[in-house]
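Laboratory data are not the source of any read-out in this text; all were calculated from the coordinates shown. Small disclaimer: the values here were computed from a predicted structure and weren't measured. Reconstructed Cβ throughout: ideal geometry from the backbone, glycine too, with neighbour counts over all protein chains shown.
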Amino acid sequence: MPAEAGLRAVLELARWAPSGDNTQPWRFEVRGEREVVVHGFDTRAHCVYDLDGHASEMSLGALLETMAIAATGQGWAMQAHRRTGGVPSGRTAFDVRFEPEEGLRPDALIGCIASRSVQRRAMRTRRLAAAEKQALEAAVAPHYRLLWRERVAERLDMARLLSAVARVRLSMPEAWHVHREVIEWNARYSTDRMPDQSLGVDALTRQLMRFVLGRWERVRFFNRYLAGTAMPRLQMDLIPGLACGAHFALVAAREPHTIDDHVAAGRAMQRFWLTATRLGLSLQPAMAPLIFARYLREGRRFSAEPGMEAAAAQAVRRLEALLGGQALRAAVFMGRIGEGPAPRSRSLRRPLQQLESVEG
């Protein structure tokens with residue numbers, strides 16, 4: 001295959017990397033037959049979940065790991081260097097080059113890149129086998145480790161915790177702005193958002209959510225007088241939180257601080273997720289507890305709505321009891337995992353030609 005066609009094949013696979021709310025915070029600037037500049041941007045200005053742009057930086061790490069894996073299919077090794085000067089605030093740029101490497105075999109994870117997805121519905125409660133856990137732990141070693149919470153009581157504790165966090169998320173205007181924009185209604189698939197059919201709720205709840213999310217005044221009224229968060233939390237958090245094989249936390253050797261720390265965490269996250277896919281396991285991230293924990297740890301406000309930060313603090317204390325204080329500070333990714341069918345609805349990706357631009 002000509003080098004130029006090989007590069008396009010790599011980028012076609014790379015665009016399937018995961019990103020928060022399917023934002024795809026990257027653009028590709030092709031510089032040569034085996035050279036590309038990845039222009040990254042973050043969503044901190046309008047997304048409460050993208051604290052200091054770290055969520056987007058993790059997505060960029062997932063993209064780079066996906067590119068490196070995809071490149072092995074061309075017999076190429078990847079080198080990526082982050083630019084440290086001349087990049088505007090909120091932006092990141094990586095100079096990426098691919099070089100042929102004799103004897104390099106395709107990575108076994110290549111076939112999982114496009115099929116990896118999020119499963120928000122209930123999974124089987126079978127515990128992961130020792131061999132499955134060993135494979136997942138090996139995928140992130142030696143710089144990361146995995147904490148497992150898999151007993152019924154632990155899964156129930158995590159389900160309640162996630163439900164409490166969801167109550168905060170669904171009751172604060174700062175998150176309402178995000179939720180209103182990132183859902184594509186009446187959709188099974190979406191190239192740039194989350195289709196509503198992938199949310200893990202029944203059709204009646206989806207219709208109610210669409211109506212309520214239309215105006216903040218409706219959100220406040222339903223939450224205050226009609227238990228508006230009850231059904232979404234039951235279907236998206238409580239039931240799935242219990243119906244899984246385990247909850248996990250991906251923990252770094254030290255607390256992440258820098259851009260490079262979060263990019264590296266994203267690379268580990270993606271390798272873990274692809275390995276789970278190869279094992280036939282489903283996965284659902286749960287990043288909000290970690291994000292709220294950092295807001296609170298650093299004394300930074302995230303909502304002007306009365307009671308939200310106190311409620312989040314109570315949930316974070318429960319998470320600290322489940323994971324341990326040191327692990328919570330160094331945790332970069334968490335979620336639930338288990339055996340289950342592939343989701344019937346999922347986010348797709350923008351066509352490559354829409355991503356071949358330096359404009360973010």
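Annotations
- Tilt relative to the chain, helix 216-225 - C-alpha long axis, 0 to 90 degrees, to 10: 40
- Cα-based convex hull volume of the range 215-255 per residue, rounded to whole Å³: 117
- Rounded to the nearest 10 degrees, the inclination of helix 203-213 to the longest alpha-carbon principal axis of the chain is 90 degrees.
- A DSSP coil position with no more than 15 other Cβ atoms inside 10 Å describes the following trypsin sites (Lys or Arg not before Pro) in the range 207-285: Arg215, Arg254.
- Inverse of mean 1/r across different Cα pairs in the range 130-346, Kirkwood, Å: 18.3
- The chain: angle of helix 3-14 to the longest principal axis, Cα-based, in degrees nearest 10: 10
- Shape of the range 47-91, Cα gyration tensor, a/c cut at 1.5: oblate
- Cα extents for the range 297-360 along the principal axes, largest to smallest and rounded to whole angstrom: 44, 37, 25.
- Convex hull volume per residue in cubic angstrom - Cα atoms of the range 3-114: 94
- Within the range 157-222, all pairs of alpha-carbon atoms sorted by distance into 5 Å bins from zero give the percentages 3, 16, 24, 26, 21, 9, 1.
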